[in-house]
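Data first, discussion second: the structure below is written as structure tokens.
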Amino acid sequence: MARKPREQTVANQDAFLTAYAGIGSLRSVCEALDLNRKTVLSWNHSDTYGFKERYVQAKEEFREYLQDLAIRRVRDQKPNDNPVLLITLLNAHWPEKYRRDSNAAS
């Protein structure tokens, strides 16, 4: 039985958001799910079926994933490990917390 357009769109959005929370790249997720990037941007722009807030939550999950990764790496790092790429990603995805000029207390 074919899904109704709304149900199919919501299912596509859910799949995108789940994947985005773990991958953090619009391009990579669209490629993996065979979604058009413009479709996702349209969902966000027009807030199709409440997509905008759910996208914000997926971005939050991804940046928390990066933070968890950073904490694990700090615990497990060896003297020669270089954290620059991870620091750069944290700066990009959570600037209010991880940029040097941040005033974040937590």
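Mind listing just one residue for me: the one in the range 38-87 that is at pLDDT 85 or above and in contact with an Asp or Glu (Cβ under 9 Å, 6 or more places away or on another chain) and, of those, nearest to Tyr20 (Cα to Cα)?
Only one residue fits best here, namely Arg54.
Within the range 1-20, take every residue that is of a type in the set (A, V, I, L, M, F, W, C) and open to solvent by 50 Å² or more (accessible area, probe 1.4 Å) and give me the one that is farthest from Glu64 (Cα to Cα).
Taking the candidates together, the pick is Met1.
Anything in the range 16-64 that is within 26 Å of Tyr98 (Cβ to Cβ) and among the acidic types (Asp, Glu)? List them, or say none.
If the condition is that a residue be within 26 Å of Tyr98 (Cβ to Cβ) and among the acidic types (Asp, Glu), then Glu53, Glu60, Glu61, Glu64 are the ones that fit.
Any residue in the range 1-20 that is more than 17 Å from Val56 (Cα to Cα) sitting within a Cβ distance under 7 Å of a residue that is open to solvent by 100 Å² or more (accessible area, probe 1.4 Å)? List the pairs, counting only those 6 or more apart or interchain.
Sorted first by the residue in the range 1-20, then by its partner, the pairs are Ala11/Arg3.
Residues Asp34, Asp47: which one is surrounded by 11 or more Cβ atoms within 10 Å (Cβ to Cβ), acidic (Asp, Glu) and within 18 Å of Asp14 (Cα to Cα)?
Asp47
For residues that are touching a Leu at 6+ places or on another chain (Cβ under 7 Å) and over 18 Å from Trp94 (Cβ atoms), tally how many sit in the range 50-82.
1
Kindly list the number of the only condition in (1) open to solvent by less than 50 Å² (accessible area, probe 1.4 Å); (2) modelled with pLDDT of 90 or more; (3) aliphatic (A, V, I, L, M) that fails for Ile23.
Among (1) open to solvent by less than 50 Å² (accessible area, probe 1.4 Å); (2) modelled with pLDDT of 90 or more; (3) aliphatic (A, V, I, L, M), the lone unmet condition for Ile23 is (1).
Has the range 90-101 got any residue that is part of a helix (DSSP H, G or I) and touching a residue at least 40 places away in the same chain (Cβ under 8 Å)?
yes
Look through the range 50-60, keep the residues that are among the charged types (D, E, K, R) and out of contact with any helix residue (DSSP H, G or I) (no Cβ under 7 Å at 6 or more places or on another chain), and return whichever of them is least open to solvent (accessible area, probe 1.4 Å).
Glu60
The values are calculated or read from the model by the stated rules, or taken from the named source; none is laboratory data. From a predicted model like this one, the values you see are computed outputs, not experimental measurements. Reconstructed Cβ throughout: ideal geometry from the backbone, glycine too, with neighbour counts over all protein chains shown. Ligands, DNA and RNA are stripped out before the accessible areas are found, and what is left, the full protein with its side chains, is counted by its heavy atoms. Shrake-Rupley method; radii C 1.70, N 1.55, O 1.52, S 1.80 Å.
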